[in-house]
Amino acid sequence: MPARQGGTEFRSLVYDPPAMRKPSFPAVFQNPLSAIGFLTAVVALGIGAALLAVHYLEDRHNPYFGIFLFLVVPAFLLVGILLIPLGAWRERRRRRRGDVDARRWPAIDLNLGPHRTVAALFLVGAVLVIIFSGVASYSAYHYTESVAFCGETCHEVMEPEHTTYKNSPHARVACAECHIGSGADWFVKSKISGAYQVYAVLRGNFPRPVPTPIESLRPARQTCEQCHWPGKVFGSTLKRFRHSLYDEASTEWPIDVLIKTGGNEPASGEESGIHWHMNLGVEVDYVARDSGRQEIPWEQVRDLATGRTAVYQDREKPLTAEELAASSPRRMDCVDCHNRPSHIYPSPDEAIDLAFRDGSLPRSLPSIKEHAVEAMAVEYATRTDAMDGIASRIADAYRKEHAEVWEQDRAKVDHAILRVQKAYGESIFPEMKTSWVAHPDNLGHFVSKGCMRCHDGNHVSESGVVLSNDCRTCHTILAQGSGERRAIANSSAGLDFDHPEDIGDMWQETGCWECHTGTRP
């Protein structure tokens, strides 16, 4: 206590025990920065708890709700928690410099009621923070792997991929199952890559169209083959290709094909068919000249049992020694042929055939395929322009060329317009410059080169062996055509291909994709 002695005021240097003073919160935490951190953490914890309750009570959510709940709120909570000790550390340094008279360490006496209250509140708060942080982190992990996060968060950028995914055979397989797979290493790689993608989206400098991430995609043996086991794939597959002609009746021209899928035949040990490329005893490497892997001048096949290697070169455009030295051969796997397993962009020709197949587009409208494909094939600047353009072009075609139908079956024409607009919206995305042209399908060889990238009859080995382009190598035609031209095979050799239009032997000298570009030939 202050006192006077000989006219001089002095302070007692005797230490006052905590019991003689009014207890207070540890002094080093009594600073603006720690107070801000504490308030931020408390508010974030309260908001997070409320939103978490809403999340588990509601069935459907906007994708941005999940981002806010599992990413933004935990971030604020973490920042608030970190600010509390940071403020205390700065306050302690300030006091040690002599700015104020304070103890080096806070005095805590649990015999005092206020201290016990503060300690209890702190422990309860710490437990709640730990529980909420654990649940939020776990939920954030799963949310960032969800289809909603991948497909709907960046709506403009990922709209083509998300739309086609919903209509694909893998619509019930989560994006992360193929793009990431299991394990922490690929999860970390994907998040590092995703951080740059977020930056690119915010800056607006992302590519249009979004390229296929073939370089960074996990090997198919660690993703696709977890369900599609190569050792159990064998035999043949019967498939009907249902094309429609460009005549007035939009005549269906079906082709029944026995596709020699092949692979490993457990009973006989045979290794044949299309899946021979993925045989467990063979390694196929190749070099492509373009990023889309449509021009492949060099392939190497290695038999793992014998060690024998064969190299095939395109004799018209061979790979030079300099090009080969500078290249990095890619090991062939599932996605080199099945390159659009979940993001399929059908051409206008294929999209209209699909509409005929599900019955949503009536063949009874004269020349409907011709008018629909021509309307879809126009290059539009925006989705709105496309919807307006398709409607006006089809309406004009029937008003001018089929006046009777326009007058008597106007409702059917309007329905057809809506169906063609739907087909366009599910396959062509003008703002992102994404379509069947940007992402060709390598499965087959009708609209894109596909199999014929290697099996075009021009790739030959040093010993003179040619990679065959004979139709019967991969499939056998069992039936084809319609009406009077319907033909059915009467032997295992199958039928020779019969082109719907008389083009002579041109189909044997020209690749299908050279005429069938996805629009009217």
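The values are calculated or read from the model by the stated rules, or taken from the named source; none is laboratory data. Because the structure is a prediction, the values reported are computed rather than measured. We place every Cβ from the backbone using ideal geometry, glycine too, and count neighbours over all the protein chains shown. Protein only, heavy atoms only, side chains kept; ligands, DNA and RNA dropped before computing areas. Shrake-Rupley method; radii C 1.70, N 1.55, O 1.52, S 1.80 Å.
Summary of computed values
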{"quantity": "Yes/no for Q421 being buried (at least 17 other Cβ atoms within 10 Å of the Cβ) and more than 26 Å from G273 (Cβ to Cβ)", "calculated": "yes"}
{"quantity": "Residue match in the stretch 195-218 (condition: part of a helix (DSSP H, G or I), out of contact with any helix residue (DSSP H, G or I) (no Cβ under 9 Å at 6 or more places or on another chain), farther than 30 Å from L365 by Cβ and among the hydroxyl-bearing types (S, T, Y))", "calculated": "yes"}
{"quantity": "Hits in the stretch 105-121 (condition: surrounded by 11 or more Cβ atoms within 10 Å (Cβ to Cβ), modelled with pLDDT of 80 or more and assigned to a loop (DSSP other than H, G, I, E, B))", "calculated": "L112"}
{"quantity": "Every residue from the stretch 322-347 that is in contact with a Phe, Trp or Tyr (Cβ under 8 Å, 6 or more places away or on another chain) and under 29 Å from I390 (Cα atoms)", "calculated": "S342, H343, Y345, P346, S347"}
{"quantity": "Verdict on P160 being within 13 Å of the chain's Cα centre (by Cα) and of a type outside the set (A, V, I, L, M)", "calculated": "yes"}
{"quantity": "Among (1) modelled with pLDDT of 80 or more; (2) open to solvent by 40 Å² or more (accessible area, probe 1.4 Å), the one test that V135 misses", "calculated": "(1)"}
{"quantity": "Close pairs from the stretch 490-501: first farther than 14 Å from D256 by Cβ, partner among the hydrophobic types (A, V, I, L, M, F, W, C) and part of a loop (DSSP other than H, G, I, E, B), Cβ under 6 Å, at least 6 apart", "calculated": "P500/L245"}
{"quantity": "Test: P297 is over 28 Å from R340 (Cβ atoms) and of a type outside the set (K, R)", "calculated": "no"}
{"quantity": "Qualifying positions in the stretch 338-361 - hydrophobic (A, V, I, L, M, F, W, C) and open to solvent by less than 40 Å² (accessible area, probe 1.4 Å)", "calculated": "A351, I352, A355, F356, L361"}
{"quantity": "Segments classed as helices (runs of 4 or more DSSP H), wholly inside the stretch 362-414, with at least 1 members that are surrounded by 13 or more Cβ atoms within 10 Å (Cβ to Cβ) and under 38 Å from the mean Cα position of the chain (by Cα)", "calculated": "368-377, 383-401"}
{"quantity": "The stretch 70-86, residues that are of a type in the set (G, A, S) and at pLDDT below 85", "calculated": "A75"}
{"quantity": "Of residues in the stretch 436-464 being in contact with a strand residue (DSSP E or B) (Cβ under 7 Å, 6 or more places away or on another chain) and in a loop (DSSP other than H, G, I, E, B), the one surrounded by the fewest Cβ atoms within 10 Å (Cβ to Cβ)", "calculated": "E462"}
{"quantity": "Looking only at the stretch 238-282, and only at residues there that are charged (D, E, K, R) and at pLDDT 90 or above, the one that is least open to solvent (accessible area, probe 1.4 Å)", "calculated": "D256"}
{"quantity": "Residues (loosely packed, with under 11 Cβ neighbours inside 10 Å and either in contact with a Cys (Cβ under 6 Å, 6 or more places away or on another chain) or assigned to a helix (DSSP H, G or I) (or both)) located in the stretch 470-484", "calculated": "G483, E484"}
{"quantity": "Hey, I503 assigned to a loop (DSSP other than H, G, I, E, B) and among the hydrophobic types (A, V, I, L, M, F, W, C) or not", "calculated": "yes"}
{"quantity": "Test: G125 is modelled with pLDDT of 75 or more and closer than 29 Å to E177 by Cβ", "calculated": "no"}
{"quantity": "Residues of the stretch 194-240 satisfying the condition of being closer than 30 Å to S492 by Cβ, in contact (Cβ under 8 Å) with a residue 24 or more places away in the chain and hydrophobic (A, V, I, L, M, F, W, C)", "calculated": "V233, F234, L238"}
{"quantity": "Residue list for the stretch 392-412, restricted to those being in contact with a helix residue (DSSP H, G or I) (Cβ under 6 Å, 6 or more places away or on another chain), of a type in the set (A, V, I, L, M) and at pLDDT 95 or above", "calculated": "I394, A397"}
{"quantity": "Filter pass, R331 being open to solvent by less than 60 Å² (accessible area, probe 1.4 Å) and either under 27 Å from W513 (Cα atoms) or within 24 Å of the chain's Cα centre (by Cα) (or both)", "calculated": "no"}
